[in-house]
Each structure stands twice: as C-alpha cells, then as structure tokens.
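The values are calculated or read from the model by the stated rules, or taken from the named source; none is laboratory data. What you see is a predicted model; the values in this text were computed from it and never measured. Cβ placement follows ideal geometry from the backbone for every residue including glycine, while neighbour counts extend to all protein chains displayed. Calculation scope for accessible area: heavy atoms of the full protein, side chains included, ligands and nucleic acids excluded. Shrake-Rupley method; radii C 1.70, N 1.55, O 1.52, S 1.80 Å.
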Amino acid sequence: IYVLLYSVMMLEYVLYWTRYLYYLPHFTDISASFPFLLGPLLYLYLKITFEKYKLCIKDLLHFLPFVIFLFYKAPFYFADGLQKIQGPHPFVFKGYWKILILMPWIKILHNCFYAVQVFIFIKRQSNVAHVKKWAYMLVIFFCLFILSSISYYILVLMPWFNTDWDYFISFIMSAGIL
C-alpha cells in the first residue's frame with residue numbers, strides 16, 4: 001500500500017504537468033490526503049516487522065488526520081469533473097483559504113513527527129541489526145520525500161520557479177519510492 005500511495009502521487013503529478021488532468025478531472029487532488037497515510041503506515045509496518053505487533057483498534061488513531069482531511073476535501077471529491085477543473089471556489093467555506101495555505105505545512109509537520117518516531121523506534125531495536133540498516137534506508141527515503149515537499153513549497157513562492165524545478169523535485173520524490 002505504501003508504494004502504491006507514492007505511485008499514485010507521482011501519477012497525479014505527471015497528469016498535472018502534462019495537462020491530462022483536464023481530460024481526467026476526477027484524478028485532481030486524488031493523492032492530496034496520502035501524506036497523512038505515509039507516516040502512520042511506515043510506523044505501523046516497522047512495528048509489525050520488528051516486534052510482531054498485532055494491530056488493534058487504538059491504532060486507528062494514527063489515521064485520524066487522514067479521516068479529518070477526507071471530510072475537509074469531501075465536497076471536492078464528490079463534485080463533478082467540470083467543478084473540479086474550475087478549482088476549489090464552489091467549495092469555499094469560512095476559513096477555507098487559511099486552511100488551504102497551511103495544509104501543506106500541516107502535512108509536512110505530520111510526516112516529520114512520524115519520521116522522528118520511526119527513527120527513535122528503529123534505534124531502540126537491538127536484536128535485528130541486519131534489518132535495521134534496511135529500516136534506516138526506509139526512513140532516509142521518507143525524509144527525502146519530506147525535504148522535497150519542503151523545498152517545493154518554499155521554491156514555488158519564488159518568482160524564478162518554473163516547471164524544470166518542479167520536474168527535478170518530482171524526480172527526487174520518486175527516488176524516495178525506490
């Protein structure tokens with residue numbers, strides 16, 4: 001599931017930059033909620049791998065930000081294709097623009113929290129040295145994705161930012177999948 005989420009994100013980026021989202025509007029923002037899944041999935045996956053952890057109901061709390069975000073985006077997701085092409089304007093509610101501006105940074109902070117949690121979790125594991133190296137690589141690539149997101153949201157504000165930069169950042173994010 002983890003790699004599938006990254007793959008769908010990359011597909012959406014390609015559709016956006018090739019302008020195929022105009023022909024496939026229901027793919028617009030389809031992956032917007034995925035950053036809220038990446039950290040919890042990685043964390044729980046490693047807990048299961050290292051500790052033979054059994055998932056329980058309380059683990060669903062890790063996915064609460066994802067569910068909240070889905071409710072936030074639900075009007076957009078259920079809209080027809082034409083409304084999606086027109087943008088978020090038909091879905092505006094009081095405070096929408098404040099949330100919209102902060103949302104990328106909320107996602108980044110969410111993922112930074114999980115990156116730290118995963119790193120600490122791996123560091124505490126003592127009896128599986130050969131698996132720790134692999135787990136650290138997963139965290140490094142996850143952090144690469146986070147750093148790429150940070151760089152994108154900073155660079156997009158710069159007047160000299162263009163599609164070449166976006167392609168490069170998408171390439172770096174793709175490396176995080178590998």
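Multiplying the residue separation of residue 106 and residue 76 by 0.36 nm and subtracting their alpha-carbon distance yields 8.9 nm.
For the chain, what % of the accessible area comes from carbon and sulfur atoms, probe 1.4 Å? Of the solvent-accessible surface of the chain, carbon and sulfur hold 73 percent. Computed over the alpha-carbon atoms, the chain gives an Rg to Rh ratio of 0.99, Rh here being the Kirkwood radius from the mean inverse distance.
Where in the chain are the DSSP H helices whose C-alpha atoms run 30 Å or more along the long axis and whose mean Kyte hydropathy is at least 0.5? Taking the DSSP H segments of the chain (at least 30 Å long, mean hydropathy at least 0.5), we get 96-124, 129-155.
Please list, in order, the residues from the range 1-20 whose amide nitrogen is less than 11 Å from a point placed 7 Å along the Cα→Cβ vector of residue 162. No residue qualifies, since no backbone N sits under 11 Å from the label point.
When the helices of the chain are scored as -39500 (n - 2.57) per DSSP H run of n ≥ 4 and the total is divided over every residue, the value at 222 nm lands at -23500 deg cm²/dmol.
Spin-label model, residue 58 to residue 10: label points 7 Å out along the Cα-to-beta-carbon direction sit 3.7 nm apart.
Using R0 = 25 Å, the C-beta based FRET efficiency linking residue 127 and residue 150 works out to 0.10.
With R₀ set to 30 Å, the beta-carbon distance separating residue 67 from residue 137 gives a calculated FRET efficiency near 0.50.
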